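Bear in mind that the values in this text are calculations on the coordinates, not laboratory data. For clarity, every value in this text was computed on a predicted model and none was experimentally measured. Virtual Cβ from ideal backbone geometry, glycine too; neighbours counted across all protein chains shown.
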Amino acid sequence: MSRGRSEQVLARRVTEAGAVDQGRRPDDVIVEEPLEIRLDGVRVATTMRTPGHDFELAIGFCFTDGLLAGAPVLTCRYCGTGSAVETEFNVVSVDTGGVAPEPAARLGTTSSSCGICGSTQLDDLRDRLEPLPAHDPWDPQVLYAVTEKVRAEQDLFTRTGSAHAAASFDRTGAIDVVREDIGRHNAVDKVVGRLLLDDRLPATGQGLFVSGRASFEMVQKAWAAGFEAVIAVSAPSALAVETATAAGLTLAGFVRGDAFNVYA
């Protein structure tokens with residue numbers, strides 16, 4: 001199984017006029033593999049992801065899903081069920097020394113498109129998270145610029161056309177952490193995991209960019225991490241708007257071109 005983030009396959013080119021190349025040419029496609037995430041020895045998720053920044057993904061998932069409950073991460077490593085080679089680097093174990101609450105095992109597989117949609121409800125978030133501190137409005141020009149800056153750093157998307165991106169940025173528009181993955185939720189967890197490892201959460205004074213739609217899950221992850229804003233290239237869902245309102249978080253959609261919509 002490939003360990004790269006993309007691999008080449010052969011494809012025939014078909015034009016609008018119906019012409020088909022007689023030969024096949026190499027084309028880069030994104031890699032998608034399962035990653036099993038374990039917390040203190042218990043499997044808490046299996047997600048389809050693009051290999052790369054796996055420790056950030058595992059730690060970010062445990063944090064945004066509320067599984068850490070404030071417990072510090074002591075170690076993060078491949079394997080947990082055997083050697084890393086035997087598991088093809090597709091199992092990551094996060095260890096808090098048993099300080100985190102004992103997690104419930106999750107047997108289902110998380111798809112790369114919609115993460116754990118439906119497993120967490122808004123009422124649960126209100127019980128777990130406090131509303132964010134009030135913040136000043138964001139400069140529209142900063143938000144426009146962020147979209148273009150992140151696009152310039154989407155190397156995997158440039159090569160394959162099928163990678164989502166997430167990025168953290170500050171109020172000047174400076175881009176901090178950019179991560180790509182076949183799954184939108186994975187890209188966000190990788191960003192959050194990096195910030196947690198760097199001891200930079202909550203993300204006060206920062207915004208979160210997502211390259212696709214702003215779903216409920218994107219907003220709840222941003223709320224858990226303390227971001228002040230979520231900006232998305234596409235539309236939000238109704239539940240995402242409701243969640244952003246409950247969080248006191250700025251939510252903007254269709255941030256492209258010369259206009260965008262502010263939903264919360």
To make sure I understand, if each residue's beta carbon is the centre and we count other beta carbons within 10 Å, what order do Val142, Val210, Val20 fall in, fewest to most?
Val20, Val142, Val210
Packing-based exposure ordering (other Cβ within 10 Å, fewest first) of Arg49, Arg213:
Arg213, Arg49
What is the distance in Å between the Cα centroid of the stretch 179-253 and that of the stretch 118-153?
5 Å
Of all DSSP beta bridges with both partners in the stretch 140-262, the antiparallel percent, nearest 5, is 60 percent
What percent antiparallel are the DSSP beta bridges of the chain, to the nearest 5?
70 percent
By average Cβ neighbour count within 10 Å, what is the ranking of 162-172, 220-230, 192-202 from highest down?
220-230, 162-172, 192-202
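Neighbouring Cβ atoms within 10 Å as the yardstick, rank His185, His53, His135 fewest first.
If I rank by nearby Cβ atoms, fewest first, I get His135, His53, His185.
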Spatial extent of the chain: Rg and Dmax, with the Cα atoms as the point set, Å
19.0, 63
Averaged over all directions, how much area does the convex hull of the C-alpha atoms of the stretch 140-262 cover when projected, in nm²?
6.6 nm²
